[in-house]
Amino acid sequence: MKLMPILIEWSISSALLILAVTILRSSLGKRVSAGLRYSLWAVVLIRLLVPVQLFSYPVPVSVLPEPDREQLIETAPLNLVSTAPGATASMPAIDVPLPNGVLVEHNATTAPVDIAANTAPVSPFQILGWLWIAGSAIMAAALLVSNIKFARRLRRACAPLDGVDCPLPVYIAGGLPSPCLFGLIHPAIYATSEAADDPVILRHVLVHEYTHFRHGDHIWNILRSIALAIHWWNPLVWLAVVLSGRDCELACDEGALKRLGDGERVAYGRTLLVLLTVKPRAGDLLTCATTMTGGQKSVFDRVTRIAHAPKRWLWAAVVAVLAAALACVCAFGSTRSEPDADPAAPSPEPSAPASGSYTHLRAHATSRHVVWRGVGGKKG
């Protein structure tokens, strides 16, 4: 199985699925919940991490029949040279075509041909495949180094915060741009000193980050980083990471307000305005922490949703689910071709040659070697 066709099909189907989800989330807007919008990116993430097609379409697609190899060999002209060096009248020399188009003179007395010496040159697809793998290794190393540095920074600057009502460990870390949730095996909440000084802001921060934990966003961030390392060259994947991060924060705000109650919408919005003063940096995409930073458009969208709870439409949710299901079928499915002929079935006998000292000449060809048989079972 060739690797490059699989990678190309993987990239094309992933790109089309990203475009479909992007158009769908923009079209539905505030008519669906933020949680549903965020869940649409789950199918994109799965496709970015799974390189193979998961199923075949039930309707077979007709393809052109493969030509019969033995028929091609029977009808192809064979250059029989009886005067070749080292050849005898009973075993003529034959020019055997190799897969790369080179003709090699073969007879009973010549030495075996080293087919490996006639290797084909490196194709551009092989070069692109090597560049893909090299870039993914470099991107994975950058992600690993970035998170290790961030973890060491938190370990040096954090101090435990006692007396808080939170199921997760809470620490105060100086120098952070915003509170965050970080850690895979032992996740913890890290609050800034400014947030810890205000009890209302601290309570909102703890509810917000704990909602991230309940949604499993600390795990999804790691999976998104892995997908970004694999598809580092695809700008649509970078766009998907940015947009899914925005929808992640919107879904977290929606879940936090359910825990806080509608009576704290205004206070929660003020907390976001205080904490969202730092603009996100490009390096934030390399860190698997959930931060409360955001751009101007992201802040406006979040505050608007908090201040005025948008009305949900049932038909919009149904359309989103059906459209996502159709996109999944197109992205994860593959066409089913007609089954090949049974290799165990007997092949038709080739017609005898019109002249020559051979009474029986059969050609059996595969994709790798050619076997010629003579009279009496002798192999040449």
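The values are calculated or read from the model by the stated rules, or taken from the named source; none is laboratory data. Here the structure is a predicted model, which means the values were calculated and not measured. Positions of Cβ are generated from backbone atoms using ideal geometry, with glycine treated the same way; all protein chains shown enter the neighbour counts. Ligands, DNA and RNA are excluded from the accessible area calculation, which covers all protein heavy atoms including side chains. Shrake-Rupley method; radii C 1.70, N 1.55, O 1.52, S 1.80 Å.
Numbers for the structure displayed
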| item | result |
| --- | --- |
| Highest-first arrangement of 3-14, 177-188, 240-251, where packing means the average Cβ count within 10 Å | 240-251, 177-188, 3-14 |
| Percent accessible area from carbon and sulfur atoms, region 156-228, protein chains only, probe 1.4 Å | 59 |
| Mean separation of Cα contacts under 8 Å (6+ apart) over length of region 119-175, as relative contact order % | 22 |
| Burial ranking of peptide ranges 209-215, 158-164, 137-143 (average Cβ count within 10 Å, highest at the top) | 209-215, 137-143, 158-164 |
